[in-house]
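In what follows, a single structure is set out as structure tokens and then discussed.
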Amino acid sequence: MRPEPRIPESSIVVRPEPTESATYSASTRLQAAGLLPAVALFEQAAEQVPLPAPPQPIVIADYGAATGHNSLKPMSAAIEVLRRRTRHDHAILVTHTDVPDNDFTALFRTLADDPDSYLRLDQASFPSAVGRSFYTQILPSKAVNLGWTSWAIQWLSRIPEGAPEFHDHVTVAYSKNEEARAAYAHQAATDWQNFVAFRGRELCPEGRLVVLTMAVGEDGEFGYRPLNDTLVAALNDLVRDGLLDRDELQRMVIPTYARSEKDFRAPFSPKGWFEGLTIEHLELFEAEDRFWTRFQLDGDAETFGAQWAAFAGAALFPTMAAALEGGVRGPRGAEFIRQLEEAVAQRLSSAPEPMQIPLASLVLVKRGSQ
């Protein structure tokens, strides 16, 4: 049996664009893939949601906040819109949620210190945090005016119970084990239904939730194929070099799932609504690989490989390290992550190619008094 890893529910793109980058600008400093179009949807939602009368605060929920970097631009944009609609001293409560293992200290440091933090831009905004899974109800019913989540709900709530192990890949999307793929698809469907149901309870009437997440491309592609293939090869190198046991490798899995348009719409069929929610907007699109864009500008293959490896190191490797004897905090956890990041960077640098990044953006609306 595969041990149960600690599964995150956090945004998986958390590193700001460095100021020395060739593609740096004020507008792209915190641009995770697909983030800016979703922020535009969030601004529109902020224009449309009904606002409570003071002194009752306006409540924004940020689901899967991680360290907060991907929350800065959307929260600031929405607060700016809301502030135009209400008094300068009308309190805005921003609740950032994540699982209990999240680094909430880093989150609050980001909010306190980052120059793009909404706390620096609006004196009547107040942050809070909740350490609970968003596959449960987190906030009181009918309490949330505006909700946001980016790059978070692709994480499954758990490894599917009874799912067979697959040893040909670390990502089920690229496994040839059809039974395992079916088990993960079933778990993903259950998780999406639960996520939507609990947000339907939490949103106020006419409240809105904007979702940005991984999707399956129109060609059925999961995406990130060069990264995933490189990761498998690098792991096998670590087995060859003795840092990783074959049994540990066979336990490693990245518990993410990319949904299709049919998957997103499933809970709302056949009537078009579920727990009071309807889909106002649903778009599947291909996001820009900004690391590849930079490589085309400067031809720096080493930086291209290092950036993708750092992304994977922060987002994926700690979950994989849970399969080690002793886990991610064991004696080999940090060294495993370091060597794996170096190996992935070297392989990607030797043969750079762009990543396909299929994403979906959704706007869900709580209709009427439900």
Open item on the list: Using only the alpha-carbon atoms, how far is helix 178-202 inclined from the longest principal axis of the chain? Give it as 0 to 90 degrees, nearest 10.
Closed with: 20
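Could you order peptides 283-296, 235-248 by the average number of other Cβ atoms within 10 Å of their residues, highest first?
283-296, 235-248
In terms of the Cα gyration tensor, with a ≥ b ≥ c the square roots of its eigenvalues, is region 63-198 rounded because a/c is under 1.5, prolate because a/b exceeds b/c, or oblate?
It is prolate, given that a/c is not under 1.5 and a/b is the larger ratio.
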- [ ] Could you give the size of the charge dipole of the chain about its Cα centre, using +1 on the Cβ of each K and R and -1 on the Cβ of each D and E, expressed in debye and rounded to the nearest 20?
- [x] 1280
TODO: Provide the percentage of antiparallel DSSP beta bridges, counting only those with both residues in the chain; round to the nearest 5.
DONE: 45
Open item on the list: Using 0.36 nm times the number of residues separating ASP113 and GLU221, minus their current alpha carbon distance, what extension gain do you get?
Closed with: 35.0 nm
Task: Cα gyration tensor shape for region 274-363, rounded if a/c is under 1.5, else prolate or oblate - done: oblate
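In the chain, what percent of the accessible surface is made up of carbon and sulfur (1.4 Å probe, ligands and nucleic acids excluded)?
That share works out to 51 percent.
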Task: Contact order normalised by residue count of the chain, Cα under 8 Å, 6+ apart, percent - done: 21
TODO: Compute the Cα gyration tensor for the chain, then decide on rounded, prolate or oblate, letting a ≥ b ≥ c be the square roots of its eigenvalues: rounded whenever a/c is under 1.5, prolate when a/b is larger than b/c in the other cases, and oblate in all that remain.
DONE: prolate
Open item on the list: Using only the heavy atoms of the protein chains and a 1.4 Å probe, how would LYS366, LYS176, LYS142 rank by accessible area, largest first?
Closed with: LYS176, LYS142, LYS366
Task: Peptides 215-222, 152-159 ordered by average Cβ neighbours within 10 Å, highest first - done: 152-159, 215-222
Open item on the list: Counting only helical runs of four or more DSSP H residues, what would the 222 nm mean residue ellipticity of the chain come to if each run contributes -39,500 (n - 2.57) and the total is spread over all its residues?
Closed with: -12000 deg cm²/dmol
Open item on the list: Please compute the per residue accessible area over the chain with all protein chains in place, 1.4 Å probe, rounded to a whole number of Å².
Closed with: 42
Task: Helix axis angle, 104-113 relative to the chain longest principal axis, alpha carbon, degrees - done: 60
TODO: Check cross-link reach from LYS366 to the lysines: straight Cα distance under 29 Å, and skip same-chain residues fewer than eight apart.
DONE: LYS73, LYS142, LYS262, LYS271
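The values are calculated or read from the model by the stated rules, or taken from the named source; none is laboratory data. None of these values were measured; they are calculated from a predicted model. Using ideal geometry, Cβ is built from the backbone for each residue, glycine included, and neighbour counts are taken over all protein chains shown. Areas reflect the complete protein model, heavy atoms only, side chains present, ligands, DNA and RNA absent. Shrake-Rupley method; radii C 1.70, N 1.55, O 1.52, S 1.80 Å.
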